[in-house]
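Input: a single structure, listed below in structure tokens.
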Amino acid sequence: MTDPDDLLPEGLEDRLPRQAAALTAAMRGALDVLDSHGYDRVRPPLVEFERSLAGRMDGVQPRRMFRFVDPASLRTLALRSDMTPQIGRIAATGLADTPRPVRLCYAGEVVTIRADQLDPARQKLQLGAELVGSDSAEAAGEIVALAVEALEAAGARGISVDFTMPDLVDTLAADALPIPPEQVDAVRRELDMKDAAGLRQAGGEAYVPLLYAAGEFDDAIGRVAEVDSHGALASRIEGLRKAAARVPAGVRCTLDPAERHGFEYQSWFGFMLYAAGVRGAVGRGGTYCIRGSEERATGFSLYLDGLAEAAADTPRRDTLYLPLGHDSGAAARLRAIGWRTIAALSEGDDARALGCTHRLEGTEVVPL
């Protein structure tokens, strides 16, 4: 019987060897891609002052964070629920004098008080890249192409990209399709709900066609252009087309212009990433503004835990059993070319039970 004290809190779990190995390999593959494109890794702390974490980006919600009082400063601290605001702080402070655009990447654990309705996990590995100093169409194109490449290097297959326009309602409501300020939130809500009748009742009759402007990217962007008879979205439409053109062949591209779920602080451009065999989105990105420095930036975050779940049934890698008294020089040479080894501690060790697939006999590798 399991001791209640050994149970983990809801939404938290151990990563056992095979999942941990898959997650480590996915992280290493993605970070290698980011490094190869000139993105320098930074490592912000797990805990910061709450005001810094919550105040760096629009839409960041302190109520999602674990908070407590720092006995040293007597100020409220918080466990990070998103690393992007931390990258914004680093860019605005420690790297304020670095020539722009500055390219940064990161990987680390994030924790939330409550899980998302579609995902019960409250702790995740977040990995991503931020291009600070530009939110142009060219920056958007670089980031979305990089996100796909990093996800492929992490082991994902069957990748698709779903583009969105996070500030769509604000942009149209300002002039092209005006609605009173007090009705804007209601129109956004009904667009989120995909409710045509509710949208009409909220005063958003002119916004109803946007509900039907979702689908395969080329068709959907054409329908958005038809809605935009005033040209208010012309630059955004062109920017989205440029970004979509950077997506590698074979990766499916879709567009849902009114989708806002998960885009708390993104501006004109956003995208979600999906992969075969993984429940829900494996990443998201877009353009945003860093409070304080007021710099524009473009970036993405990947959540790789789902890939570890998908890789749980992959075969064990070849492992070499080293008997007592083995040739240590031969074993070192084999490790140098990629072999994984397990050394015997006693004559009674069972190589197969230890997960080994081969045995070292003298200097030769022999299958078990």
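Please sort 283-290, 325-332, 248-255 by packing, taking for each peptide the average over its residues of neighbouring beta carbons within 10 angstrom, highest first. Please list the in-between numbers first.
Details: 283-290: 24.6, 325-332: 12.8, 248-255: 14.9.
My ranking of the peptides, most packed first, is 283-290, 248-255, 325-332.
Among the protein heavy atoms of the chain, carbon and sulfur supply 50% of the accessible surface, probe 1.4 Å, non-protein parts ignored.
Rounded, prolate or oblate: which fits segment 1-136, taking a ≥ b ≥ c as square roots of the Cα gyration tensor eigenvalues, rounded meaning a/c under 1.5, else prolate when a/b beats b/c? If you can, show how the numbers build up before the last one.
On the way: a/c = 2.23, a/b = 1.28, b/c = 1.75.
Oblate is the answer for segment 1-136, as a/c is 1.5 or above yet b/c matches or exceeds a/b.
Calculate, for segment 179-218, the solvent-accessible area per residue in square angstrom, rolling a 1.4 angstrom probe over the heavy atoms of the protein chains. Intermediate results must be reported in sequence, preceding the final value.
Details: 2190 Å² over 40 residues.
Here the per-residue accessible area is 55 Å².
Annotation for segment 12-55 versus segment 87-135: alpha-carbon center distance of 9 Å.
With the cut-off at under 11 Å, measuring from each backbone N in segment 1-26 to a point 7 Å along the Cα-to-Cβ line of Thr319 picks out 17-18.
In nm, to one decimal, how far is the Glu226 label point from the Ala186 one, both placed 7 Å along Cα→Cβ? Rounded to a tenth, the inter-label distance reads 2.8 nm. In the elastic network of the chain, a GNM with C-alpha springs shorter than 10 Å, the most mobile of Leu95, Leu151, Leu211 is Leu95.
Translational diffusion coefficient, Stokes-Einstein: compute it for the chain using the Kirkwood radius over C-alpha pairs as Rh, at 10 °C and 1.306 mPa s, and state it as an integer in µm² s⁻¹. Answer, rounded: 68 µm²/s. Straightening the chain between Glu347 and Lys242 buys 31.4 nm, computed as 0.36 nm per residue apart minus the Cα-Cα spacing.
With an 8 Å cut-off on Cα pairs and a minimum separation of 6 or more residues, tell me the relative contact order of the chain in percent. Intermediate values should be presented prior to the final figure.
On the way: 654 pairs, mean separation 69.5, N = 368.
19 percent.
Packing around the peptides 88-94, 68-74, taken as the average count of other Cβ atoms within 10 Å per residue, puts them in this order, highest first: 88-94, 68-74.
The per residue volume of the convex hull around the alpha-carbon atoms of segment 90-203 is 204 Å³.
How much area per residue is accessible in segment 1-65 when the probe is 1.4 Å and only protein heavy atoms are counted (Å²)? Show your work: numbers first, answer last.
Values: 4340 Å² over 65 residues.
Per-residue accessible area for segment 1-65 comes out at 67 Å².
Phi angles across segment 15-26 convert, under the Karplus curve 6.51 cos²θ - 1.76 cosθ + 1.60 with θ = phi - 60°, into 3J(HN,Hα) values of 9, 6, x, 5, 5, 4, 5, 5, 5, 5, 5, 5 Hz, Gly and Pro given as x. Just checking the listed ones, Arg80, Arg189, Arg260: in the Gaussian network model of the chain with Cα springs under 10 Å, the one fluctuating most is Arg189.
The values are calculated or read from the model by the stated rules, or taken from the named source; none is laboratory data. Remember, it's a predicted structure, so these values are computed and weren't measured experimentally. Every residue, glycine as well, gets a Cβ built from its backbone with ideal geometry; the counts of neighbours run over all protein chains shown. For accessibility, only protein heavy atoms count, side chains too; no ligands or nucleic acids. Shrake-Rupley method; radii C 1.70, N 1.55, O 1.52, S 1.80 Å.
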